[in-house]
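The values are calculated or read from the model by the stated rules, or taken from the named source; none is laboratory data. Source: prediction; values computed, not measured. Glycine also receives a Cβ, built like all others from the backbone with ideal geometry; neighbour counts cover every protein chain displayed.
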Amino acid sequence: MSRDTPSVEVVNLNTHYGDRHVLKNVSLAVMPGEIFVIMGGSGSGKTTLLNHLLGLLRPTSGTIRILGRDINTLSALERQDLRTRMGVAFQSGALFSSMSVGDNIALPLREHTALDETTIGIVTRLKLEVVSLAGFEDLMPSELSGGMIKRAAFARAIVMDPRLLFCDEPSAGLDPVVASSIDDLILRLRDAMGMSIIVVTHDLDSTFKIADRICVLDKGEVLALDTVEAIKNADNERIQNLLNRRTEEAEIDPDAYLRRLLGEKENHHDTADDKRNGL
Amino acid sequence: MSAFTRFLERLGRGAARGLSEFGFAATLLGLAIYWLVLGHWRRQPVRAPAVAAQAMDIGIAALPIITVLSTTIGLMLAIQGIYTLRTFGAESRVTLGVVLSVVREFAPLITGILVAGRSGSALAARLGTMRINQEIDALTVMGINPIRFLVAPPLLAMMILMPLLTLWADLVGLFAAGLYISLELQGTIAGYADEVLSLLKLNDLLHGLAKSAIFGVLVTIVGVVNGASVSGGAEGVGRMTTRSVVHAISAIVITDMIFVFLVTR
């Protein structure tokens, strides 16, 4: 893969939950070594977009290329190979609660490499050093604080030295100081390992601190995709509302209001779970 | 009339849901066996330590309670057998009834029910918690197939351990019955043992063991299906865990009847 092939390329992505059109013609490209922030309020579709980038959901139409490969046409083995070259830090950490922190971090190595246990131990402790959690490998996830869980999740995400790292809401649920230290960690990881990092967040402070480019999602559409400066100076009203934490006036549709009051349901039964692949 | 159509609609929806759950279970079983057999060539081997850990959990840890309950069952059968046969004055023939009931029915059933209660529910709770904590997504994005990693090891462990546990329950149950019978009818344990060996056919023993292996598969798949269908947080986990025990025990008893019907007639 050459230097200028995008790490992630999304072209005209459209997705539905049942009848509801969630993502509308989303297109974006993330360059190697870039920290790309996907920002938007609740219900803007940013989590859905992330799940599509991770290959956990299948789109209605459009293509998603990760590290140059279209993830929806890959064979199972190729997809498995691709997944060893990307890391994901989930919002809740998603550490396996039945394993110690060390075993959690070592799991990808044990499953995908033929390294001996001594080497695996060294790599595991090395990654724990990187996220400033040295010496915590024997604790269980339930014994860690919120910030430590996020750090451990980062250690597990980078243990295979991925080219691409996804972070879902890295600062959610943390106090400002710890959240800021997670931001520093993200910056340090990019500088040290040169990976592309995609961060999904609604936290403005951390967005402006870490982002190279920002993609603002609103109601399933890309509202803006530009550098931090350009986004800050954008004159689009909705972007400014988002940046200045103004609530938006609800649209006025008397018919819809009456229908809601009368309890006439629209068909929104289908949930995300129905379309999930595998288990 | 509208109440009746509503009833029909509920019935139809329930049947469709049940059918789709049945299909999900069959798919899971197929995939788990696929990974057990072909995992090695798809670079996703089912690892022996994982199977051993599950086997410890399902088997060794269940030994004490299985021992206690099979003792009780053996004693109960001996007491009931002697009581019933006394009406014909045939209490000396009690061993035949006890041997066949323990080996063909009671040992596999009690083992199945205990394992369903202990391990089937634990499996459902574990998978359910992993699902709501995004741990299953985490496995998937790491390139680790969740079925291979989470379903295949307990399935294999169950298929090996259930017959072994049943064999143990056979031995304990028959021994306990022997103690009571030899005391009550003034015989000796050695005489009872001789009688058991002459009455017990390999066919009867295998009947029980084969059933128990099937029960193991049922318990695993029911636990996994319920665990994987969890939604709605901790309350959902609790609900599906209870459901998995009820379903597993029902499945065991019904399958037992079908198996006996097909094999014995």
So which pairs qualify, if the first residue must be in the range A:40-59 and in contact (Cβ under 8 Å) with a residue 40 or more places away in the chain and more than 14 Å from chain B (Cβ to nearest Cβ), the second must be surrounded by 22 or more Cβ atoms within 10 Å (Cβ to Cβ) and part of a helix (DSSP H, G or I), the Cβ gap must be under 8 Å, and the two must be at least 6 apart or on different chains? A:Gly40/A:Lys46; A:Gly40/A:Leu242; A:Gly41/A:Leu242; A:Pro59/A:His52
Within the range B:151-172, is even one residue surrounded by fewer than 24 Cβ atoms within 10 Å (Cβ to Cβ) and under 30 Å from A:Val101 (Cα atoms)? yes
Consider A:Glu78 against the criteria (1) within 11 Å of chain B (Cβ to nearest Cβ); (2) closer than 26 Å to B:Ile132 by Cβ: it satisfies all of them except one. Which criterion is unmet? (2)
List, please: which pairs have Cβ atoms under 7 Å, are six or more places apart or on different chains, and start with a residue in the range A:141-167 that is touching a residue at least 60 places away in the same chain (Cβ under 8 Å) and end with one that is of a type in the set (D, E, K, R)? A:Ile158/A:Lys127; A:Val159/A:Lys127; A:Pro162/A:Arg85; A:Arg163/A:Arg85; A:Leu164/A:Arg85
Number of the exception - A:Ile186 against (1) touching a residue at least 12 places away in the same chain (Cβ under 8 Å); (2) within 19 Å of A:Leu109 (Cβ to Cβ); (3) out of contact with any Gly (no Cβ under 9 Å at 6 or more places or on another chain): (2)
Whether any residue in the range A:192-213 is of a type in the set (Asp, Glu), closer than 27 Å to A:Ile122 by Cα and assigned to a loop (DSSP other than H, G, I, E, B) is what I want to check. no
Would the range B:71-79 turn up any residue that is in contact (Cβ under 8 Å) with a residue 40 or more places away in the chain, over 30 Å from B:Leu185 (Cα atoms) and buried (at least 19 other Cβ atoms within 10 Å of the Cβ)? no
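Out of all the residues in the range B:28-60, which are closer than 20 Å to B:Val222 by Cβ and loosely packed, with under 13 Cβ neighbours inside 10 Å?
Filtering the range B:28-60 for residues closer than 20 Å to B:Val222 by Cβ gives B:28-36, B:51, B:54-55, B:57-59.
If the condition is that a residue be closer than 20 Å to B:Val222 by Cβ and loosely packed, with under 13 Cβ neighbours inside 10 Å, then B:Gly30 is the only one that fits.
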Just wondering, is there one or more residues in the range B:181-188 that are away from chain A (no Cβ under 14 Å), surrounded by fewer than 22 Cβ atoms within 10 Å (Cβ to Cβ) and in contact (Cβ under 8 Å) with a residue 40 or more places away in the chain? yes
Just the residues that are exposed (fewer than 15 other Cβ atoms within 10 Å of the Cβ) and in a strand (DSSP E or B), please, taken from the range A:222-244. A:Thr227
For the condition modelled with pLDDT under 90 and away from chain A (no Cβ under 11 Å), what is the one hit in B:Ile66, B:Ile60? B:Ile60
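From the residues in the range B:81-136 that are outside any helix (DSSP H, G or I) and more than 13 Å from every other protein chain (Cβ to nearest Cβ), which one is nearest to B:Ala61 (Cα to Cα)? Let's see the steps before the verdict.
Initial filter on the range B:81-136 (outside any helix (DSSP H, G or I)): B:87-90, B:133-134.
Narrowing further to those that are more than 13 Å from every other protein chain (Cβ to nearest Cβ): B:87-90.
On the way: B:Thr87: 42, B:Phe88: 43, B:Gly89: 43, B:Ala90: 40 Å.
Per the stated criteria, the residue is B:Ala90.
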Hey, can you tell me all the residues within the range A:92-118 that are among the hydroxyl-bearing types (Ser, Thr, Tyr) and facing chain B (nearest Cβ under 10 Å)? A:Ser92, A:Ser97, A:Ser98
From the list A:Val200, A:Val178, which one is buried (at least 20 other Cβ atoms within 10 Å of the Cβ), in contact with a helix residue (DSSP H, G or I) (Cβ under 7 Å, 6 or more places away or on another chain) and β-branched (Val, Ile, Thr)? A:Val200
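Select the helices (runs of 4 or more DSSP H) contained entirely in the range B:139-233, then report the ones holding at least 2 residues which are within 30 Å of A:Arg156 (Cβ to Cβ).
On the way: elements: B:152-184, B:189-199, B:202-228.
By residue number, B:152-184, B:202-228.
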List the number of the failed condition for A:Ala172; all other conditions in (1) touching a strand residue (DSSP E or B) at 6+ places or on another chain (Cβ under 9 Å); (2) surrounded by fewer than 18 Cβ atoms within 10 Å (Cβ to Cβ); (3) over 21 Å from A:Ile198 (Cα atoms); (4) aliphatic (A, V, I, L, M) hold. (3)
Take the range A:190-207 and flag every residue that is at pLDDT below 90 and of a type in the set (A, V, I, L, M, F, W, C). A:Ala192, A:Met193, A:Leu204
Inter-residue pairs, beta-carbon under 8 Å, first farther than 14 Å from A:Val37 by Cβ and at pLDDT below 85 and in the range A:214-234, second of a type in the set (A, V, I, L, M) and surrounded by 16 or more Cβ atoms within 10 Å (Cβ to Cβ), 6+ apart: A:Ala234/A:Ala224
